[in-house]
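*Asks:* Please see the structure below; I have some questions.
Every number here is computed from the coordinates shown, using simple stated rules; none is lab data. Computed from a prediction, not measured in an experiment: that's the story for all the values here. For neighbour counting, all protein chains shown are included, and Cβ atoms are generated from backbone atoms with ideal geometry for every residue, glycine included.
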Amino acid sequence: MIENVQSLLEHTGAKLRAREVYGAPGDSLSLRAPGTDAFLLATPEAGAALEVSFESPDDAVADLHASIYRSRPDTGAIVVGTTPWSAALAATGKALPALFDEQVRHLGATRAPVAAGSQRRVVDALRGGSNAAVYGEQRLCLGSTPGRVVLNADLFEKCAKAFVVGHASGLRVRTLPVWMRHVWTRRLRRDQKRAARAYAEGRIPEGMDAY
């Protein structure tokens with residue numbers, strides 16, 4: 001199983017790099033090993049991925065990923081890193097509002113940026129089911145699958161750019177109606193329950209890699 005996850009991790013990292021949402025110093029990427037209490041963690045600086053237990057991370061980066069996996073059994077992949085638009089969103093101090101249906105469907109509701117060093121707060125911000133958070137100037141994106149985390153990281157960039165540009169204009173930023181947010185949130189929660197069951201059974205969930 002670990003060998004298969006290693007291959008997936010390399011493939012996922014390559015796709016994230018191609019979209020320019022991963023690969024800078026300080027970035028990190030991890031994939032859950034289904035049916036175990038462990039994950040593989042990669043950073044651009046390291047030569048090889050590390051296998052890390054949920055319960056015994058030995059540094060701050062590993063501990064952040066482990067804390068999220070422990071609290072989110074539906075999560076199969078996590079990417080952390082700084083991008084121009086995550087830094088710009090952090091500078092506004094604002095939560096990313098619900099602008100697009102695919103945003104709510106796959107990222108969920110996001111909270112205001114969390115200050116760097118407040119790991120417990122950022123983990124709590126994700127505990128309710130959100131798949132994105134801003135931590136210092138970094139963006140944390142979660143995905144139910146390796147493929148989904150790539151799409152979610154790309155989606156977050158597009159939504160952050162749209163909001164920051166709109167916010168800077170000084171004009172009103174229109175958000176989705178509440179009823180529409182409820183519809184997409186229910187679908188996201190349904191998928192998350194299905195993903196958690198799949199990982200508990202030792203397999204990567206299927207049918208979650210499309211918009």
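*Asks:* In nm, to one decimal, how far is the residue 95 label point from the residue 11 one, both placed 7 Å along Cα→Cβ?
*Replies:* Calculated label separation equals 3.6 nm.
*Asks:* Related question: When the distances between all Cα atoms of the stretch 62-109 are binned every 5 Å from zero, what whole-number percent does each bin get?
*Replies:* Histogram of Cα-Cα distances, whole percents per bin: 5, 15, 16, 23, 27, 13, 1.
*Asks:* To continue, here is another question. In the stretch 1-70, what GluC sites (Glu not before Pro) fall in a loop by DSSP, with at most 10 other Cβ atoms inside 10 Å?
*Replies:* 45, 55
*Asks:* Count neighbours as other Cβ atoms within 10 Å of each site's Cβ, and list the trypsin sites (Lys or Arg not before Pro) in the stretch 158-200 that are DSSP loop with at most 12 such neighbours.
*Replies:* When the trypsin sites (Lys or Arg not before Pro) of the stretch 158-200 are filtered for loop state and at most 12 Cβ neighbours within 10 Å, 172, 174 remain.
*Asks:* Positive end of the charge dipole of the stretch 2-199 (Lys, Arg +1 and Asp, Glu -1 on Cβ, about the Cα centre): tell me which of 49, 66, 98 has its Cα farthest that way.
*Replies:* After comparing all options, I get 98.
*Asks:* Each residue of the stretch 181-198 in order: what ³J(HN,Hα) in whole Hz does its phi give by Karplus 6.51 cos²θ - 1.76 cosθ + 1.60, θ = phi - 60°, with x for Gly and Pro?
*Replies:* Karplus values, whole Hz, x for Gly and Pro: 4, 4, 4, 5, 5, 4, 5, 4, 4, 4, 5, 5, 5, 5, 5, 4, 5, 4.
*Asks:* Could you give me the ³J(HN,Hα) list for the stretch 105-110, computed from phi with Karplus coefficients 6.51, -1.76, 1.60 and θ = phi - 60°, whole Hz, x at Gly and Pro?
*Replies:* Result, rounded to whole Hz: 4, 10, 9, x, 7, 10.
*Asks:* Return the calculated 222 nm mean residue ellipticity for the chain, to the nearest 500 deg cm²/dmol, obtained by summing -39500 (n - 2.57) across DSSP H runs with n ≥ 4 and dividing by the residue count.
*Replies:* Here the helix-only value at 222 nm equals -15500 deg cm²/dmol.
*Asks:* Output ³J(HN,Hα) for the stretch 15-30: one whole-Hz value per residue in order, computed from phi by the Karplus curve 6.51 cos²θ - 1.76 cosθ + 1.60 with θ = phi - 60°, and x for Gly and Pro.
*Replies:* Once θ is set to phi - 60°, the couplings for the stretch 15-30 become 5, 5, 5, 4, 8, 6, 10, 6, x, 7, x, x, 6, 8, 9, 9 Hz.
*Asks:* Sticking with this one: Hey, what's the per residue convex hull volume over the C-alpha atoms of the chain, in cubic angstrom?
*Replies:* 104 Å³
*Asks:* Could you give the length gained by full extension between residue 185 and residue 112, i.e. 0.36 nm per residue of separation minus their alpha carbon distance, to one decimal place?
*Replies:* Taking residue 185 through residue 112 to full extension adds about 24.4 nm, to one decimal.
*Asks:* Further, regarding this structure: So between residue 171 and residue 50, what do we pick up on full extension, going 0.36 nm a residue minus the alpha carbon distance?
*Replies:* Difference between extended and current length: 38.9 nm.
*Asks:* Over what distance in Å are the Cα centres of the stretch 168-195 and the stretch 84-108 separated?
*Replies:* 11 Å
*Asks:* Fully extended, how many nm does the chain gain between residue 121 and residue 4 (0.36 nm per residue separation, minus their Cα-Cα distance)?
*Replies:* Result for the pair: 38.8 nm of gain on full extension.
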